[in-house]
Every structure is written in C-alpha cells, then in structure tokens.
1. Once you have the Cα-Cα distance between residue A:69 and residue A:94, take 0.36 nm times their residue separation minus that, and quote the gain in nm to one decimal.
2. With 10 angstrom as the radius, rank B:60, B:12 by how many other C-beta atoms surround their C-beta, starting from the fewest.
3. Can you list which of the trypsin sites (Lys or Arg not before Pro) found in the stretch A:28-107 are DSSP loop residues with at most 14 other C-beta atoms within 10 Å?
4. Let's test the formula: R0 of 25 Å, r as the Cβ-Cβ distance of residue B:7 and residue A:102. What FRET efficiency results, to the nearest 0.05?
5. How many angstrom lie between the Cα centre of the stretch B:55-112 and the Cα centre of the stretch A:76-100?
6. Under a Cβ-Cβ cut-off of 14 Å, what is the net charge of the residues other than residue B:5 that fall near it, where Lys and Arg count +1 and Asp and Glu count -1?
7. GluC sites (Glu not before Pro), restricted to the stretch B:1-84: which are DSSP loop and have at most 16 other Cβ atoms within 10 Å?
8. Could you check which residue among A:37, A:66, A:14 shows the biggest mean-square fluctuation in a GNM of chain A with a 10 Å Cα cutoff?
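Here, each number is a calculation from the coordinates, and none is a lab measurement. Predicted model, so just to flag it, every value in this text is computed and none were measured. Every residue, glycine as well, gets a Cβ built from its backbone with ideal geometry; the counts of neighbours run over all protein chains shown.
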Amino acid sequence: KNEVEQSPQNLTAQEGEFITINCSYSVGISALHWLQQHPGGGIVSLFMLSSGKKKHGRLIATINIQEKHSSLHITASHPRDSAVYICAVSNTDKLIFGTGTRLQVFP
Amino acid sequence: NAGVTQTPKFQVLKTGQSMTLQCAQDMNHNSMYWYRQDPGMGLRLIYYSASEGTTDKGEVPNGYNVSRLNKREFSLRLESAAPSQTSVYFCASRTRDRDGYTFGSGTRLTVV
C-alpha cells in the first residue's frame, strides 16, 4: 500500500463545476503539499499545510491531521485548471508523493 | 527570474553513454533534491543534499552520482546510461524543513 494515496486518479468536469481531490497518508508528517503539473510542464507548489485550511484565489486546501486526510478544492473550475494535481507529504527531510490526479475541465 | 534552472531540457543517450544533468538555484536555499518521474508512479527521490558539502541517497540512487558543487549547484551524473533510466528528472530546492519546495522545469531523458 502506498504511503500517500490520492483519489480519484482521473477526473473530468465541465467549466464552472466545483472540484474536490482527496489525499490520504499513512505516515507521520511535518507538512502536506499540493502541487500542480501542466502537461509537459514543470511542477508548481500550490500549498503547504500543517493544519487547518488555506485559500488562494479559487483554490482551497484543507487538512485533518487526526484523520490523516487532505482535500484540494477548486471552485468555478476553468479549462486552464486542467493539469495533474499531486499530493506530497514531508517526512523528515524528504517528500513522499502520491501518483497524482489528472483533471480535465471542458468548456 | 529567481528559481531553479535545469539543463538540458531534453536529451537522448545511447545505452552506456554518460551525462550530467545540471541544476542551479538562486534563492540561497540550503537543501536540494533530484527526483525522477515515471508514468503511473509518484516522483521518487534519487539523491538529496541537505546543505553544501553533504549528499545522501534517496529511494532510487543506483546508477546515479551527485555533486553539490556549491550552495547554488547540484548536479546528477549518469555514468553508464541504461534504458531503465529513461524518465523525466526534476531538481528541487528549499530553505528549511517547514518551507515549500521550488521545482525546476524538468529534463526529459531518453536512453535508447
């Protein structure tokens, strides 16, 4: 079993829909990271969380430390949100990555 | 622009050839990392350097060597490339354990 599990693996949505991507982990962590990767592109850090909730524009990330679970929400989704979203956890000096959720938003 | 710069962006090697992937950051970060990304798998840590002058193995170090030349630069060397090393390689850096990571744009390597 992977130490970081994401669901769903693939997600399609119509423009304007509310999107949720989930991440569960089984190890002790110092922080959880949400990353974005566009096709053929580099990796961009969206959020780093150790508790509670963070918001940036249309993106919201939450974490429940007791349940070892995090969610990434996208409100009013847009085709430019189409990307792979990766959950990763910091464990000592290293990151442990999930396999990513591929999101496609259609106009 | 400040960030992590990787070179080259693309490379094709023949089996047995050697090459060095370069990574440089201009953010005065202490820690630097090399990851590989393969289809269907999460990114996996090859080597990392917690500070200038130190390097440590990650999850998949076999077939690779690294050099932390100075605080800015962290290079990854393939001494004798194998088809199993076909992958996308990412360099990343950060300042402290509780800081976010900054990633380079990646190097797409194909070994034939």
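1. Numbers: separation 25, 0.36 × 25 = 9.00 nm, distance 1.89 nm.
Difference between extended and current length: 7.1 nm.
2. Working: B:60 17, B:12 11.
Taking fewest neighbouring Cβ atoms as first place, the list is B:12, B:60.
3. Details: sites: A:53, A:54, A:55, A:58, A:68, A:80, A:94, A:102; in loops: A:58, A:68.
Sites meeting the loop and neighbour criteria: A:58.
4. Working: r = 28 Å, r/R0 = 1.12.
About 0.35, to the nearest 0.05.
5. With the stretch B:55-112 and the stretch A:76-100 each reduced to a Cα centre, they are spaced 19 Å.
6. Numbers: positive: B:9, B:72; negative: B:26, B:73.
The answer is 0.
7. Working: sites: B:52, B:59, B:73, B:79; in loops: B:52, B:59, B:79.
Here the sparse-neighbourhood loop sites are B:52, B:59, B:79.
8. A:66
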